[in-house]
Amino acid sequence: EYPYVDKDFRSTYYSDFSKRHQNINRNSFRIHIFGENEDYYGFFTLRNTPPFNLGRGYLNPKALTVDPGHFLLTKFDAHILGKTFTVDAFPWMQQDANISRCAQVSIWAIARYYSGRYSIYAEHTIQQIFDLASSHTRKIPSKGLTIENISSIFSFMGFSPEIYFSEIVNDRKIFNELIYVFIESGIPFVAGLRAKRHAIAITGHLKIEHEMDDTDCITPVSDLIKGYFSVDDNFLPYSIVGSRGKHSIGDIDAVIVPLYEKMYMDVLTLLNRVLPEIETLFLPHKKMYRRVFMTSSTSFKRFIFENISDEHYRSYLLLEQMPKFIWIVEYIAKDDYPNQVHSRFLFDATALKYAGIAMMISARVGDLFIHNGKSATLTNFQEPMYKNNLREAGYGMDEGSSG
């Protein structure tokens, strides 16, 4: 499709490329990809900025040979010859090395994902993101961004960002679980690979491998994940960090998370202070997998309405007043994984930091339901794992809903 006006390239063209002595075309090519039965798999653009010519792209994982896994995807429309096509994708772009570098691309991809998925977030072009960064020296050509620059840009966009450093967390196992928790919560984030002077966006994870696990303890699901999907401007969309990837999970040593304002309770408080107490008090045995994630109470209640048969348990959860966001911790017996949740705990995401177990909204431990200091025995307590935030897709897999 030519000539195509790519709003992101045009934004950088008028601020930078048009001022160059070299004749750079302001128009782009747009390449559309179709699969079998004319299934629409998305598009990418080509711009005249050698050697980095790949522009904005919205590609479904099916368009590429991508390992099976769980993806953060949202819908984008493309209008072609009077017809509208829709693709589920995570935005991707190659840097141009003048305005956009790896950090700007990572922020842009996350911001475009949010603006496509939630109406409360405005769309930002790559040039607008570039302009949001403060600098005491000339900004073009871009020298990249610091961790603080990235966090500051997210703040200007309306997020309430949080930064985690591996050396401050001081526990690599907890830091790895933290990475998993945000992705399982449907929150993409910028990962800093400071030793490599690189930044990427983490946007999903590989298929969970539980078949080989025979440990007799509570195992975070993050221990079963061998890699994460990323927006890395050096590689094609959905490149892997970890197993068979160009970077290892251990290369990630900084995490910048764009949070919603009312997500107050910090994940480290939950992992380090609350869950050890919960597991000591309530869990009858330790051979379990642990899933930790945040979701909206609206989405959770929809899940309860569709999946819970015990009327007392169902009615309480549907009628209970909850904050906009809640933390959920699921424990699944290893012999039952992934079919049935043994225990599920709900926590107030707006709770005070040192509230401890008092931040618990309710809990179901086996057939025992606990709320407001009281307990009741359930007649039918079987329920599946919560599924809402991620999509299951990849090479040789049909796309569907996932946890």
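The values are calculated or read from the model by the stated rules, or taken from the named source; none is laboratory data. A quick note: this is a predicted structure, and the numbers were derived from the prediction, not measured. All Cβ positions, even for glycine, are placed from backbone atoms using ideal geometry, and neighbour counts span all protein chains on display. To get the accessible areas, we keep the full protein, side chains included, count just its heavy atoms, and leave off ligands, DNA and RNA. Shrake-Rupley method; radii C 1.70, N 1.55, O 1.52, S 1.80 Å.
Annotations for the structure displayed:
- Residue in region 19-27 that is open to solvent by less than 50 Å² (accessible area, probe 1.4 Å) and basic (Lys, Arg) present: no
- Any chance Lys324 is open to solvent by 70 Å² or more (accessible area, probe 1.4 Å), in contact with a Gly (Cβ under 8 Å, 6 or more places away or on another chain) and not hydrophobic (A, V, I, L, M, F, W, C): no
- For the residues Ile168, Ile179, the requirement of being hydrophobic (A, V, I, L, M, F, W, C), more than 22 Å from Ser115 (Cα to Cα) and open to solvent by 10 Å² or more (accessible area, probe 1.4 Å) singles out Ile168.
- If you go through region 7-62 and keep only what is of a type in the set (Gly, Ala, Ser), in contact (Cβ under 8 Å) with a residue 40 or more places away in the chain and more than 18 Å from Lys83 (Cα to Cα), you end up with Ser11, Ser15, Gly55, Gly57.
- Flag if Arg290 is farther than 30 Å from Arg197 by Cβ and over 18 Å from the mean Cα position of the chain (by Cα): yes
- Which numbered condition Glu311 fails, given (1) under 20 Å from Val221 (Cα atoms); (2) surrounded by fewer than 19 Cβ atoms within 10 Å (Cβ to Cβ); (3) among the charged types (D, E, K, R): (1)
- Considering residues of region 249-288 that are out of contact with any Lys or Arg (no Cβ under 6 Å at 6 or more places or on another chain) and of a type in the set (Ser, Thr, Tyr) only, the residue modelled with the lowest pLDDT: Tyr264
- No other residue among Ile140, Ile179, Ile168 is without any contact (Cβ under 8 Å) to a residue 12 or more places away in the chain and out of contact with any strand residue (DSSP E or B) (no Cβ under 6 Å at 6 or more places or on another chain) apart from Ile168.
- Scope region 100-123; condition touching a residue at least 12 places away in the same chain (Cβ under 8 Å), in a loop (DSSP other than H, G, I, E, B) and more than 19 Å from Phe17 (Cβ to Cβ); matching residues: Ile120, Tyr121, Ala122, Glu123
- Pick from region 60-114, criterion charged (D, E, K, R) and within 22 Å of Gly35 (Cα to Cα), ranking: surrounded by the most Cβ atoms within 10 Å (Cβ to Cβ): Lys62
- Some residue of region 244-251 being open to solvent by less than 10 Å² (accessible area, probe 1.4 Å) and in contact with a strand residue (DSSP E or B) (Cβ under 8 Å, 6 or more places away or on another chain): no
- Scanning region 125-170 for residues that are in a helix (DSSP H, G or I), under 21 Å from the mean Cα position of the chain (by Cα) and among the aromatic types (Phe, Trp, Tyr) yields Phe154, Phe156.
- Scanning region 40-84 for residues that are within 22 Å of Ser243 (Cα to Cα) and of a type in the set (Lys, Arg) gives a single hit, Lys62.
- Screening Leu319 against (1) of a type in the set (A, V, I, L, M, F, W, C); (2) open to solvent by less than 30 Å² (accessible area, probe 1.4 Å); (3) farther than 21 Å from Val292 by Cα leaves a single unmet condition, (2).
- The residues of region 197-217 that are under 22 Å from Val292 (Cα atoms) and assigned to a strand (DSSP E or B), listed by number, are Ala201, Ile202, Thr203, Gly204, His205, Leu206.
- Applying the condition of being under 28 Å from the mean Cα position of the chain (by Cα) and farther than 16 Å from Val267 by Cα to region 359-375 and asking which residue is surrounded by the fewest Cβ atoms within 10 Å (Cβ to Cβ) yields Ser362.
- Among the candidates Gly186, Gly192, the residue that is under 21 Å from Leu390 (Cα atoms), touching a residue at least 24 places away in the same chain (Cβ under 8 Å) and not aliphatic (A, V, I, L, M) is uniquely Gly186.
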